[in-house]
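Shown next, in C-alpha cells, is the structure this report addresses.
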Amino acid sequence: METLLQDIRYGSRMLLKHKGFTAIAVIIVALGIGANTTIFSLVNAVLLRPLPFPHAEEIVYFEGSNASQGISDSNVSAPDLADWSNQTSAFAETAAFATGGSILAGGSAEPERVPKAAVSASFFSVLGVQPVLGRSFVAKEDRAGGDLVAVLSHGLWQRRFGGDKNILGSKITISGRSMTVVGVMPTGFDFPEKSQLWTSLRLDPAEERRDNRAYSALARLKSAVTLQQAQSQISTINAQLAAQFKVTNAGWDAHVVRLHDRLVRDVRPSLLALLGAVTFVLLIACANVANLLLARAASRQKEMAIRAALGASRLRVIRQMLTESVLLSLLGGTLGLILSVWLTDLLVSITPPEAPQLDRTHLDYGVLVFAAAISALTGLFFGLAPALQASRTDVSGSLKAGARGSSSHGTNRARSLLLISEVALSLMLLVGAGLLTQSFLRLRDVKPGFNPAHVLTMSLSLPYAKYSTNQQRIAFFQQLIDRVKTLPAVESAGAALSVPLDGSGYAVGRAFIPEGRALAAEESLNASYSTATRDYFRTMQIPLVAGRGFSERDTEKSPMVVVINQTLAQHSFGSAAAAIGKRITIWRDEKFPREIVGIVGDTKPSTLEAASQAQIYVPQTQDANWGFMTLAVRANGDPAAMTSAVRHEVLAIDKDQPIYNVQTMEDVVAKSVGSRRVSMLLFSVFAGVALLLAAVGIYGVIAFAVSQRTQEIGIRMALGAQAADVMKLVLSHGMALTLIGIGVGVIGAFALSRLLGSLLFGVGASDPATFAGVSLLLMVVALAACFIPARRAARLNPVKALSCE
C-alpha cells in the first residue's frame, strides 16, 4: 500500500509538472467518458432499469397477431382474454384496459380534459401497485350497473384538489357523469400513457363480440412459469378458438411479451446504436491519449533507465506508468461526469417527450459506478502500451552521455497502429452518421399527402352523457365549423375522426368488402377509417382525384356514400375512374353498402415512412357515433395565433367543453420525424468529435515522426533534397497510414452498417455515395492534418537539423 501511495504521489507530481500535456489528455478523455456516461444514463433509465412495479419482470403484455392479414400488434377482445385467463395455468391474474381522455369537472378549476384509462378491477393488482389513499376498484364496480367510481393520480389530486385528504367519497364529474373518488395513486404512477385518472372498465366478456379487438391486456406470470411456457399455452388455446369460432378467430394468435420490452421496443435500436457510437468515440480518445503517452514515454527513456539501473523491475516500471495513466483517466472521468450532467439535461430536452421512461433519466448510483469503472478501465487501456514500451528501456544506451529520447521501431509501429485504428473507427462513425442523415433528409422530403402549412388542429371530445344522440353531435360540430369560418384570417375549416400522421384525434381500423364479393369475414380487407365533414378535404388540401367530396346533401336520410383513397381504388377496382359508382360494405359494423362518390389522394396515416394503405372516409353526418373529432382550421397567416379565437367559439357553444392536442400540422409533421432527427443529430455530433480526434491524432503522429527524423531530414536536404521532396516524404507517410485506416474502416463499416438497417429510410446500408463521400472527407482532413508538420519539416535549416542531438 505504501508503494502504491508513493506511485500516486509521484504520478501526481509528474502530471502537475507537465500541465499542457495533462490538460490536453484530460480534455480528450473527458469528451469520451462524458459522451459515454450521458448515453449510458439514458440507456440505464430506459432499457436497463426495471419498471417501478414489484417483480416487474413477471408482468407481460398481450399482442394480437394475424399472419394472414399482416397484423403483428393488435389489441385483443374481452372474450379471448377471458378464455386465456380461465383456460391457462400460467397467469396469477389478467387485466384489461383502454386509454383515452375525459372531461373532468369538479374542484375549484375549470373543466379540463385529462388522460384517462378505463381498467378492469384486477389492473392495479396485476401491476402490484395500490393507492396511497383509499382503495382501488372491486369486482362489483367492474360490471354494468355497478357504482361509478374513479381513482386519481397523485399529481391530479395535488394540482386540482389541493391534496385534500377528504377527497375520498367526493363526487366529481367525468365526461358528464357523476363519479365517486375512491382512491389516490402513489406519486409518479401514471401507467398507462401518462394517465391521471382511472375509471372502471365495466366490461362483461359475455356481452362482447370476439372480433371487437379494442382492449389492451396485461397479466402477471406465476413465479415458476416462464415466458415460453405461457406463450405455448396461449397459442394452444388460440388454435382451439380459431377452430371453434372460424368467422372471428381464424388466423388469430397472441404474442406474450414482457411489459418492459413492449414499452421500449421502438427506442431500443436507436439507443443501442448511440451507445455503440459513443463507445467508438471513447476508443478513438483512448488511441489519442495512448499516442500522447507513447511520445512522452520516448522523452522519459533516461528516467526509466535510471530507475532500472537502481534496481526497479520491469513490473515496477509498468505499475508506475499505469498509475499515472489511471490518475489521468480519473481526472478526465471526473470532468466527463460533470460534463455529462449538462449533456444529459440537454439530451432529455431534445428527445421526443413520448419516449418511454424519459423522466427517469438522472444521475444515480448505477451511472456513478459506470463512470468510475469506465474511467479506471480506460486508464488501463490507453496506458498499457506506453507502460510496456517504457519498461523495455535499453539502460546502457539511454545512460550514455549525450543520449536523447528516441523512438524504437516497436514504438513507431504501435503509434502507426493506433493511428490506423483511429481512422478506421472514425470512418465507421462517419458512415453511420452519413446514412442516418441521408435517411432523415429523404424522409423529410416524403409528401404526406396534404398541405400542412397554415393549418391548426385541435381535438374535442363530446361527453356522451351530455351529447347522447347523433343529432346533437352533428349539430355541435356543424355549428362550430360555421362559427369558425366567420373568423378573420380563416380560409376554411373542417373536422375528421382522425387526421394524417395521427397528430391528434383517434385512429380507427375497419374491414370492408368490395361490391361483388360475398359477405364473409375471411374475404374482407382492412382499411383505416375516418368520418369527415364536407370541407375537411379542402381544408387539409387533400387532392380530389375523381368524383366529388362530401356535400350538404349527404345526410343521415340520404343514400349512404363513401370516399376512398387511390390505394384502395387501385387495389380493389383497378383504377380511380373504375371505382366511382361502385359500392363497398364496411364489415361488420354496417350491413349495408355505401356508394363510392369520390377518390382522394393517399395520406400518411401514422408515420412518413409507412407505406400507403387503404383509407375510407364517410360523412360525419352519416356516422356521428363518435363523440371525439379533430377540428382543422386553415388560416391566411400564423395558424397558432388562431387558438384563442377558436377556443372562444367552442366555449360560446358549450362553456364546459375543453379543447386539447392543440398543434399546427407543421408541428405534427416535425414530430413524426423527431426521434430520427435526434438520432441523426447525436450520431453526427459523435462522428464530428471522432473526426476531430482523428485529425488531432494524425497531426500528433506525423509531428512526432518529424521531430524524431530531424537529423535524417537535415541529411536529405544537405544532399540536395528540395522542400517539395521533404513535404512529399512526410505527406506520403501520413496519407499511407490514413489510406490503410480507411481500407480497414470501409470493411468494418460494411459489417456494422447493417445493424442500422431498422433506422434507415430510402437508403441502403452499403450506399456507395456515402462510403465514397466519407472516405474522401477523411482523406482531406488527414491531408490537412499532415500538411502543418510537413511544411514545418520543409522549412528546417539543414545546419541546425544536423547539429540536433
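The values are calculated or read from the model by the stated rules, or taken from the named source; none is laboratory data. It should be emphasised that the depicted structure is a prediction, and the values quoted were computed from it without experimental measurement. All Cβ positions, even for glycine, are placed from backbone atoms using ideal geometry, and neighbour counts span all protein chains on display. We work out accessible area using only protein heavy atoms, side chains counted, and drop any ligands, DNA or RNA first. Shrake-Rupley method; radii C 1.70, N 1.55, O 1.52, S 1.80 Å.
When segment 47-73 is examined, which residues are found to be within 18 Å of A511 (Cβ to Cβ), within 24 Å of the chain's Cα centre (by Cα) and open to solvent by 20 Å² or more (accessible area, probe 1.4 Å)? Once the filter is applied, which keeps residues that are within 18 Å of A511 (Cβ to Cβ), within 24 Å of the chain's Cα centre (by Cα) and open to solvent by 20 Å² or more (accessible area, probe 1.4 Å), segment 47-73 yields I71, S72, D73.
From the list A95, A30, the one residue that fits, being part of a strand (DSSP E or B), in contact with a helix residue (DSSP H, G or I) (Cβ under 6 Å, 6 or more places away or on another chain), among the hydrophobic types (A, V, I, L, M, F, W, C) and open to solvent by less than 30 Å² (accessible area, probe 1.4 Å), is A95.
Collect the residues in segment 635-645 that are open to solvent by less than 60 Å² (accessible area, probe 1.4 Å) and in contact with an Asp or Glu (Cβ under 9 Å, 6 or more places away or on another chain), keeping them in residue-number order. Matches in segment 635-645: A635, P639, A640. Of all residues in segment 729-764, which are modelled with pLDDT of 90 or more, of a type in the set (G, A, S) and open to solvent by 40 Å² or more (accessible area, probe 1.4 Å)? Scanning segment 729-764 gives a single hit, A736. Among residues of segment 533-546 that are assigned to a strand (DSSP E or B), those with a Cβ under 6 angstrom from a residue that is of a type in the set (V, I, T), sequence gap 6+ or separate chain, pair up as L544/V600; V545/I599; A546/I580; A546/I599.
Exactly one residue among E595, E590, E609, E649 is acidic (D, E) and in a helix (DSSP H, G or I), and that residue is E649.
Taking each residue of segment 684-700 that is more than 9 Å from L430 (Cβ to Cβ) and at pLDDT below 90 and looking for partners that are open to solvent by less than 30 Å² (accessible area, probe 1.4 Å) and not in a helix (DSSP H, G or I) with beta-carbon atoms closer than 9 Å, six or more apart or interchain, yields nothing.
Looking across segment 326-348, the residues that are open to solvent by less than 20 Å² (accessible area, probe 1.4 Å) and either of a type in the set (S, T, N, Q) or at pLDDT below 75 (or both) come down to S329, S340, T344.
With respect to being in contact with a Pro (Cβ under 9 Å, 6 or more places away or on another chain), of a type in the set (S, T, Y) and surrounded by 21 or more Cβ atoms within 10 Å (Cβ to Cβ), S120 falls outside the description. Taking the numbered list (1) over 30 Å from I33 (Cα atoms); (2) open to solvent by 50 Å² or more (accessible area, probe 1.4 Å) in turn, P205 passes all entries but (2).
Taking the condition more than 26 Å from Q69 (Cβ to Cβ), surrounded by 17 or more Cβ atoms within 10 Å (Cβ to Cβ) and hydroxyl-bearing (S, T, Y), does T630 pass? For T630, the condition - more than 26 Å from Q69 (Cβ to Cβ), surrounded by 17 or more Cβ atoms within 10 Å (Cβ to Cβ) and hydroxyl-bearing (S, T, Y) - is met. Within segment 102-136, being in contact with a Ser or Thr (Cβ under 6 Å, 6 or more places away or on another chain) and part of a strand (DSSP E or B) holds for S102, I103, A105, P115, K116, A117, A118. Could you tell me whether segment 349-362 includes any residue that is aliphatic (A, V, I, L, M), more than 33 Å from the chain's Cα centre (by Cα) and modelled with pLDDT of 65 or more? No.
Looking at S41, S72, S68, just one residue is assigned to a strand (DSSP E or B) and among the polar types (S, T, N, Q), and that residue is S72.
Yes or no: segment 140-159 includes at least one residue that is open to solvent by 30 Å² or more (accessible area, probe 1.4 Å), over 28 Å from Y467 (Cβ atoms), out of contact with any Pro (no Cβ under 7 Å at 6 or more places or on another chain) and touching a residue at least 40 places away in the same chain (Cβ under 8 Å). Yes - at least one qualifying residue is present in segment 140-159. Could you look through segment 9-24, keep only residues that are surrounded by 13 or more Cβ atoms within 10 Å (Cβ to Cβ) and of a type in the set (A, V, I, L, M), and pick out the one that is modelled with the highest pLDDT? If we take residues in segment 9-24 being surrounded by 13 or more Cβ atoms within 10 Å (Cβ to Cβ) and of a type in the set (A, V, I, L, M), then I24 is modelled with the highest pLDDT. Entry remark, segment 753-768: residues being over 17 Å from R268 (Cβ atoms), of a type outside the set (S, T, Y) and in contact (Cβ under 8 Å) with a residue 24 or more places away in the chain number 5 in total. Annotation: V726 fulfils all but one of (1) in contact (Cβ under 8 Å) with a residue 24 or more places away in the chain; (2) open to solvent by 70 Å² or more (accessible area, probe 1.4 Å); (3) under 19 Å from P798 (Cα atoms); the unmet one is (2). Among the residues making up segment 238-253, those that are outside any strand (DSSP E or B) and crowded, with 18+ Cβ neighbours inside 10 Å are N238, L241, T248, N249. Going by the structure shown, is K116 of a type in the set (K, R) and more than 30 Å from T173 (Cβ to Cβ)? Here the answer is no, as K116 does not meet what is asked.
Screening the candidates S679, S707, S675 for the property of being among the small types (G, A, S), within 33 Å of the chain's Cα centre (by Cα) and surrounded by fewer than 21 Cβ atoms within 10 Å (Cβ to Cβ) yields one hit, S675. Going by what's in this entry, would F750 be described as of a type in the set (F, W, Y) and outside any loop (DSSP other than H, G, I, E, B)? Yes, satisfied. Scanning segment 646-662 for residues that are within 15 Å of V633 (Cβ to Cβ) and open to solvent by less than 20 Å² (accessible area, probe 1.4 Å) yields V646, V650.
Among residues of segment 413-425 that are free of Cβ contacts under 8 Å to residues at least 24 places away in the same chain, none has a beta-carbon under 8 Å from a residue that is open to solvent by 30 Å² or more (accessible area, probe 1.4 Å) and part of a helix (DSSP H, G or I) at least six positions away or on a different chain.
Kindly check whether there is at least one residue in segment 145-155 that is acidic (D, E) and out of contact with any helix residue (DSSP H, G or I) (no Cβ under 8 Å at 6 or more places or on another chain). No; the residues of segment 145-155 include none that is acidic (D, E) and out of contact with any helix residue (DSSP H, G or I) (no Cβ under 8 Å at 6 or more places or on another chain). Evaluating V799 against the criteria (1) assigned to a helix (DSSP H, G or I); (2) modelled with pLDDT under 80; (3) surrounded by 13 or more Cβ atoms within 10 Å (Cβ to Cβ) leaves one unmet condition, (3).
Against the criterion of being at pLDDT 90 or above and not in a helix (DSSP H, G or I), A640 does not qualify. Only residues that are open to solvent by 10 Å² or more (accessible area, probe 1.4 Å) and either modelled with pLDDT under 85 or not aliphatic (A, V, I, L, M) (or both) were counted across segment 254-290, and they come to 13.
Output the residue which, of all residues in segment 546-566 that are surrounded by fewer than 17 Cβ atoms within 10 Å (Cβ to Cβ) and under 24 Å from V455 (Cβ atoms), is modelled with the highest pLDDT. Ranking the qualifying residues of segment 546-566, first place goes to R548.
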